[in-house]
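Engineer: Once you've had a glance at the structure underneath, I'll fire off some questions.
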Amino acid sequence: MLRDGPATSRPPVTHWPARDLDGVDFDPVLAELMRAGPITRIKLPNGSGWAWLVCRYDDVRMVANDPRFSRKLVMEHDVTRLAPHFIPAPGAVGLEDPPDHTRLRRTVAAAFTTTGVERLRTRAQRMLDELVDAILRDGPPADLTERLLAPFPLAVVCELMGVPAPDRPKVHEWTTLILSSAQGAERSEQAKTRMCDYLGERLRAGRGATVDGGEADEAGEAGEAGDVIGMLARAVEAGEVTEEEAVGVALLLQIGGEAVTNNTGNMVYILLTRPELMDKLRAAPDLRPTAINELLRYIPHRNSVGLSRIALEDVEVAGQVIRAGEAVYVSYLAANRDPEVFPDPDEIRLDRTPNAHVSFGYGPHFCPGNMLARLESELLVNALLDRFPDPRFAVPVDELGWRPGALIRGPEALPVTWS
């Protein structure tokens, strides 16, 4: 057994304050941890103790895909973490292991297939065109975060989920609070409770509605054949999942859908501060899908790290033995900058191929909404390139601010003008 092997000197524990960062600068503490070695130990601002941090691409994918590391056990440990609160609700898909994790994802899988996502393309394009038309009609300047990057992903994910238009502002407000550590644990937990209560009400309404394929009205009546809340309601009705599990799945999908706002905000920031990239994408539209993939690799899509895992047994990773019961984090940001996999990783190469980045995770917890996020990013970047003549910031770049305390990094505002 590994425990009987020769003792290995453990790396020191590094305190990672995970300070708010502006722009798309790579976290200097994470860069330091990567230089220290492929596996180190960290202490984050909340929770207790320390945890392992795995940085190398191959090791990150191994841990993320290895059943010897459990997400479910995280709820039983006060693991050192970034947020003052746990974002997932009990029983949520993000904190389950196979086979329960597989069972929960299966209930909504149809909505996130290529066919399911493409079914949304026409409606998404129409919603985006309406938003852009209004911005152009009003004229410059405009805050693209407020007018475009926030309302568009919100509308798309709510359309997919089955959240009616009148309810979307409060759902957005709850999501913002849940994904922030700046407001304190109590406010974040209150927002999560309200969101879960709301989703529970929608699910119960869906169970009471017609579930034999009847059409829902345009207000978003629960139980529509294609929406996620309708799918979950039918799964509860069939006894495939509990209501608590269904709420947990819906919560993470709703929150994850809005992450596109911050990610595309970072993309717009990069393009507006590097006009040569915009010129290249205008001249070569066929390059855009590859370019968006590269931007997804490059952007610092989160602060610090996400959810940890707990070792179920002793496991050797990168020459260190992670003991049973110890917590481990993987850094997808670090893996995306591994020079052994991505030559010149700190450069943006719009034509980078191959580009098997792990921005959407890896293994069983690979983001189910990755194709939806790619679709939204594609449409938003196309709108910036094709519909705004000579877009540029309306204020000096150093006056832009990034969301304080946000678990997902992104600009607070993007004031833009155009010709």
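The values are calculated or read from the model by the stated rules, or taken from the named source; none is laboratory data. Since we're looking at a predicted model, the values are computed, not measured. Here the Cβ is made from the backbone with ideal geometry for all residues, glycine too, and neighbour counts use every protein chain on show. These accessible areas exclude ligands, DNA and RNA; they are computed on the full protein's heavy atoms, side chains included. Shrake-Rupley method; radii C 1.70, N 1.55, O 1.52, S 1.80 Å.
Engineer: Could you give each residue of the range 45-59 its phi-based ³J(HN,Hα) in whole Hz, using Karplus coefficients 6.51, -1.76, 1.60 with θ = phi - 60°, and x for Gly or Pro?
Structural biologist: Per residue, the Karplus-derived 3J(HN,Hα) values read x, 10, x, 10, x, 10, 9, 6, 10, 9, 10, 6, 3, 5, 5 Hz.
Engineer: Ranked highest first by the average count of other Cβ atoms within 10 Å around their residues, in what order do 158-168, 277-287, 349-359 fall?
Structural biologist: 158-168, 349-359, 277-287
Engineer: Note the full-extension length gain between ASP78 and THR113 as 0.36 nm times their separation in residues minus their Cα-Cα distance, in nm to one decimal.
Structural biologist: Answer, rounded to one decimal: 9.1 nm.
Engineer: For the range 240-325, rounded, prolate or oblate, judged on the Cα gyration tensor with a ≥ b ≥ c (square roots of eigenvalues), a/c < 1.5 rounded, else prolate if a/b > b/c?
Structural biologist: Taking the square roots of the gyration eigenvalues as a ≥ b ≥ c, the range 240-325 is oblate.
Engineer: Give me the three principal axis extents of the range 69-151 from the C-alpha atoms, as integers in angstrom, largest value leading.
Structural biologist: Principal axes ranked by extent give 54, 35, 17 Å for the Cα atoms.
Engineer: Starting from the Cα gyration tensor of the range 147-192, take the square roots of the eigenvalues, sort them a ≥ b ≥ c, and report rounded, prolate or oblate (rounded when a/c is under 1.5, otherwise prolate if a/b is larger than b/c, else oblate).
Structural biologist: The shape class here is prolate.
Engineer: Applying 1/(1 + (r/R0)^6) with R0 = 35 Å to the Cβ-Cβ distance of LEU21 and ALA205, what FRET efficiency is obtained, to the nearest 0.05?
Structural biologist: Step by step, r from the Cβ atoms, then E = 0.25.
Engineer: Determine the shape class of the range 18-77: with a ≥ b ≥ c the square roots of the Cα gyration tensor eigenvalues, call it rounded for a/c under 1.5, and otherwise prolate if a/b is greater than b/c, oblate otherwise.
Structural biologist: Oblate shape, in that a/c is at least 1.5 and b/c is the bigger or equal ratio.
Engineer: So with the 1.4 Å probe, I'd like the accessible area per residue for the range 287-419, rounded to whole Å².
Structural biologist: Heavy-atom accessible area per residue stands at 35 Å².
Engineer: Another question, if that's okay. Using θ = phi - 60° and the Karplus relation 6.51 cos²θ - 1.76 cosθ + 1.60, list the HN-Hα couplings for the range 352-360 in order, rounded to whole Hz, with x at every Gly or Pro.
Structural biologist: Whole-Hz 3J(HN,Hα) from phi for the range 352-360: 5, 8, x, 8, 8, 5, 10, 5, 9.
Engineer: While we're looking at this one, here's another question. VAL317's amide H: which non-local residues (gap 5+, or another chain) put their own amide H closer than 5 Å, with H modeled 1.01 Å from N in plane and none for Pro or chain starts?
Structural biologist: Those qualifying (amide H under 5 Å, at least 5 residues apart or on another chain) are ILE322.
Engineer: Can I ask one more? Return, for the Cα atoms of the chain, the radius of gyration and Dmax in Å, separated by a comma.
Structural biologist: When restricted to Cα atoms, the chain yields Rg and Dmax of 21.5, 72 Å.
Engineer: Once fully extended, how much extra length lies between VAL13 and GLU244, figured as 0.36 nm per residue of separation less the alpha-carbon to alpha-carbon distance?
Structural biologist: The span from VAL13 to GLU244 would gain 79.5 nm if fully extended.
Engineer: With the alpha-carbon atoms as the only input, what is the per residue convex hull volume for the range 267-419 in Å³?
Structural biologist: Given the Cα convex hull of the range 267-419, per-residue volume reads 136 Å³.
Engineer: Once amide H atoms are placed 1.01 Å from N in the peptide plane, what residues at a sequence separation of 5 or more from ASP143, or on another chain, have their amide H within under 5 Å of its amide H?
Structural biologist: Those qualifying (amide H under 5 Å, at least 5 residues apart or on another chain) are VAL416.
Engineer: Can you give the convex hull volume of the alpha carbon atoms of the range 322-390 per residue, in Å³?
Structural biologist: Details: hull volume 9.8 nm³, N = 69.
With only Cα atoms used, the range 322-390 gives 142 Å³ per residue.
Engineer: Now for a different question. Say the dipole of the range 329-419 comes from +1 at the beta carbon of Lys and Arg and -1 at that of Asp and Glu; which of LEU350, GLY369, PHE388 then lies farthest toward its positive end?
Structural biologist: Towards the positive end, the residue furthest out is GLY369.
Engineer: Run the numbers on the chain and let me know its relative contact order in percent, using alpha-carbon pairs under 8 Å that are six or more apart.
Structural biologist: RCO, the chain: 26 percent.
Engineer: Per 0.36 nm of contour for each residue apart, how much would the distance between GLU316 and GLU130 grow if the chain were fully extended, relative to their Cα-Cα spacing? Could the numbers behind the result be given before it?
Structural biologist: On the way: separation 186, 0.36 × 186 = 66.96 nm, distance 5.36 nm.
Gain on extension, GLU316 to GLU130, equals 61.6 nm.
Engineer: Now a separate question. Over the chain, what percent of the accessible surface lies on carbon and sulfur atoms, probe 1.4 Å?
Structural biologist: 51
Engineer: For the range 276-366, what is the convex hull volume of the alpha-carbon atoms per residue, in Å³?
Structural biologist: Dividing the Cα hull volume of the range 276-366 by its residues yields 115 Å³.
Engineer: Here's something else I'd like to know. What's the magnitude of the charge dipole for the range 127-169 around its Cα centre, counting Lys and Arg as +1 and Asp and Glu as -1 at the beta-carbon? Answer in Debye, nearest 20.
Structural biologist: I would put it at about 60 debye.
Engineer: What value, in deg cm²/dmol to 500, does the helix sum -39500 (n - 2.57) over DSSP H runs of n ≥ 4 give at 222 nm once divided by the residues of the chain? Mind showing how you got there, number by number?
Structural biologist: Details: 13 runs with 178 residues, N = 419.
So the helix-based figure for the chain works out to -13500 deg cm²/dmol.
Engineer: Using a simple charge model, +1 on the beta-carbon of Lys and Arg, -1 on the beta-carbon of Asp and Glu, nothing else, what dipole does the chain show about its Cα centre, in debye to the nearest 20?
Structural biologist: Computed about the Cα centre, the dipole is about 660 debye.
Engineer: Would you give the gap between the C-alpha center of the range 346-416 and the C-alpha center of the range 243-307, rounded to a whole Å?
Structural biologist: The distance from the Cα centre of the range 346-416 to that of the range 243-307 comes to 4 Å.
Engineer: Where is the GNM fluctuation largest for the chain (alpha-carbon springs, 10 angstrom cutoff): ASP227, ASP100, ASP398?
Structural biologist: ASP398
Engineer: Given a 1.4 Å probe and heavy atoms of the protein chains only, how would you sort HIS172, HIS101, HIS15, largest accessible area at the top?
Structural biologist: Most to least solvent-accessible, the answer reads HIS15, HIS172, HIS101.
Engineer: Under 19 Å from the 7 Å Cα→Cβ point of ALA185, by amide nitrogen: which residues of the range 55-87?
Structural biologist: Once the point is set 7 Å along Cα→Cβ of ALA185, 73-87 turn out to lie under 19 Å by backbone N, inside the range 55-87.
Engineer: On to the next question. Using amide H atoms built in the peptide plane, which far-off residues or other-chain residues are under 5 Å from VAL79 H to H?
Structural biologist: SER48
Engineer: Now, a different point. Using the charge dipole of the chain (Lys, Arg: +1 at Cβ; Asp, Glu: -1 at Cβ; taken about the Cα centre), state which of LEU277, TRP52, GLY230 has its Cα farthest towards the positive end.
Structural biologist: TRP52
Engineer: Quick one: Karplus J couplings for the range 188-193, per residue in order, coefficients 6.51, -1.76, 1.60, θ = phi - 60°, nearest Hz, x for Gly and Pro?
Structural biologist: 5, 5, 4, 5, 5, 4
Engineer: Any lysines with Cα under 29 Å of the LYS72 Cα? List them, leaving off those in the same chain fewer than 8 positions away.
Structural biologist: LYS43, LYS192
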